1. Under a plain spin-label model, where a point goes 7 Å from the Cα along Cα-to-Cβ, how far apart in nm are R222 and A266?
2. Could you tally the net charge around H9, taking each other residue with its Cβ under 14 Å from the Cβ of H9, Lys/Arg +1 and Asp/Glu -1?
3. Counting residues in region 59-155 as N, plug N into 2.2 N^0.38 Å and put the Cα Rg over that result.
4. Once you have all Cα-Cα distances for region 32-88, histogram them in 10 Å bins from zero and send the whole-percent values.
5. Please report the net charge: other residues with Cβ closer than 14 Å to the Cβ of T153, K and R +1, D and E -1.
6. Under a Cβ-Cβ cut-off of 10 Å, what is the net charge of the residues other than V98 that fall near it, where Lys and Arg count +1 and Asp and Glu count -1?
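No value in this document is a laboratory result; all are computed from the given coordinates. None of the values given here were measured: they were computed from a predicted structure. For neighbour counting, all protein chains shown are included, and Cβ atoms are generated from backbone atoms with ideal geometry for every residue, glycine included.
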Amino acid sequence: MTPTIPRPHRDDVLLAVISVSVGVLLWALGVHSNQTRHLLPDWAALVPLVCLGAMELLRRSAPRVTLAIGTLGIIADQFTVGSLATVVIFTDLMYAAVVYGKPAMARRLPVTTGLITVVATIAAVAWLRTPQSLLIGAVTGLVCFAPALTGATLRNHREAAVAARLRAEQTALLAEMDRSQAVVAERARMARELHDMVANHLSAIAIHSTAALSIDSPATSREALGVIRENSVQGLAEMRRLIGLLREAGAEREAVAVPSLDGLEALIEQARTNGSASGLDFVLYDDRAPAGERGEPLPAPVELAAYRIVQESLTNAVKHASPGTVTVRVTRSAGLLSIGVDSPHGGGTAGPRAPGSGAGLVGMRERAELLGGSFHAGTEGTDGMEGTDRVGGTDRMGRTDRVGGTDRMGRTDATDGVGVTDGTMWRVRAVLPAEEKAART
């Protein structure tokens, strides 16, 4: 298949026409560049002129061919009366070869033409032995070395501009990826906050409304309605606070107080009220040092994460635990904050239960891992054999226990990852860094 010749650029066509026309005009006026004796007739100077002018049409598409033919043409021009236009066209072909040629040619031509200029100068001085012989080297440099150097400089600037533009595009792409990741992370954080703040109140409302509907007793209904109203008001307040945070994001406003471990007593009391219909009692063991002896306060992210983990664990206990005592233990030692929540989780649960979504354990695990801590949740039988000890994983015997899936006995459970096994305790364990540097996310 015969290769097609690319269509010349419009500027190259214009340049070829103008340069040849000027060359012909100079020849007609008798303006020649070679005033010494020449071997060929005067009209022979038009042949190199037309050949090099035709090469201007291919200066972008075939720079190597145009430079080779241009070199032969400029040499042939020295045996005629010469044309200044031919010399100018050759300089443009040299420049185009560096700008539009391959990178190897662009690197070699400035060096090669520089060496040619030096050799021509030394040879002229050695042969003629006159000061005027230096002009031969200067003309050689102007004809070949200067355009090659100019083309190399321009090409380097263009490549630097392209590289800068690519870096800018990559930077913009990375910034967009960071922005997208930040949006995803913020959405996940707000989802955890919404779940932890509202799910507890809604679960209590669901449980007590079910109790009021199933038990035909005015006293029970009145008590249930009181608990429903209290949780509705608190849930509405939490929702308003969350909406206010979303609206005021980025504004320079006074920081909103976030929950901390100092509110565990109130949280336990609230859980005790919510779990009364399910026969649950709640006990708190705060093994931290007294308030005045605790030393450095916990970082705010650790305080919030610990509070939310305890809150979600109590919510799961109200929703899924068997009648009995739920124990909460908080310990701080050796730069770590340990949280443990144990709730009875045997078969034959009594009282109304609220459905689970499977997001509770996932959210607790995310909170712990974002701070560089660890989180484990699973069942432990009365005989001491442990079940699953991490969310969505397998136990030490290789048996699967997934969140919202089936337990090891093959029974389906749609709760927040709490498998039902007779005679077991559901244990939640979280360890968070208590130091400022380690708690940074």
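1. So the label points at R222 and A266 sit 2.8 nm apart.
2. On the way: positive: R7, R10, R59, R60; negative: D11, D12, E56, D92.
Summing Lys/Arg as +1 and Asp/Glu as -1 gives 0.
3. Numbers: Rg = 13.7 Å, N = 97, 2.2 N^0.38 = 12.5 Å.
Cα-based Rg divided by the globular estimate yields 1.09.
4. 26, 52, 19, 3
5. Working: positive: R107, R155, R158; negative: E159.
For residues surrounding T153, the net value is +2.
6. Working: positive: R107, R108, R155; negative: none.
Every neighbour counted, the sum reads +3.
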